[in-house]
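Just so it is clear, none of the values below were taken in a lab; they were calculated from the coordinates. Only a predicted model underlies this, so the values are computations on that prediction, with no experimental measurement involved. Counting neighbours? That spans all protein chains shown, and the Cβs are built from the backbone with ideal geometry, glycine included.
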Amino acid sequence: MNKYTLAVLVKNEFGVLNRVTSMFRRRQFNISALTVSETESSAFSRITVVFEGEEGYKQQLVNQLYKLPVVCSIKEFNSDNSISCELLLIKMQNDPKTRDDIRTAADAFGATVVDYSKDSLMLRLTDDSTKIDDFINLMREYTILEICRTGSVSLEKGSTTIRQQLNF
């Protein structure tokens, strides 16, 4: 099975997210990451979806998404044509025995301490999904108290934008 990242530019209206994600559900795609936010214009929102499936079914999905009147544009991203990243907040037990090891690992991955207390420390890491996975796996050797992770966000390299291909 292939992994895909799609950015869907939609009109910023009530119920749009449900209509778009219902297309994935009906075609039995498993969404592994989903982010939604307003764009540079409050008239539009951008939905970034990471999912797995077969190429033929993915193309059918894209064709069906374009039939929704709220969908303005769709872009498929890969590592060659885009920059992608996600955000991780991870709260670790602040044990004096493991504190230095955790901070050394955090420094090696570029994570920063954003909260520190007697019993816990919270780290923030922004990177690609693979690096985030690697960091979490390394932190599993210690006591993870809580994890919060965003989905992937992606922008196309160069000066081209998703709004240059509007589907009106």
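With an 8 Å cut-off on Cα pairs and a minimum separation of 6 or more residues, tell me the relative contact order of the chain in percent. Intermediate values should be presented prior to the final figure.
Working: 294 pairs, mean separation 47.2, N = 168.
Computed value for the chain: 28 percent relative contact order.
Sequence-distant contacts, meaning Cα pairs under 8 Å at least 6 residues apart, place the relative contact order of the range 83-153 at 52 percent.
Test of understanding: ordering C148, C72, C85 by Cβ neighbours within 10 Å, fewest first, what list do you get?
Ascending number of Cβ neighbours within 10 Å: C148, C85, C72.
When +1 charges are put on Lys and Arg Cβ atoms and -1 charges on Asp and Glu Cβ atoms, the dipole computed for the chain relative to its Cα centre reaches about 680 debye. A quarter of the convex hull surface defined by the alpha-carbon atoms of the range 1-120 gives 10.5 nm² as the mean projection.
For the pair T112 and Y142 in one chain, pulling the backbone fully straight at 0.36 nm per residue adds 9.1 nm over the alpha carbon distance. Legend: P(r) of the range 83-153 from all alpha carbon pair distances, 5 Å bins from 0, whole percents, reading 4, 17, 32, 26, 12, 6, 2, 0. Between amide H atoms placed 1.01 Å from N, distances below 5 Å from N12 occur with F44, S45, all of them 5 or more places distant or on a separate chain. Look at where the Cα atoms of the range 130-160 and of the range 1-80 average out, and the two centres are 21 Å apart.
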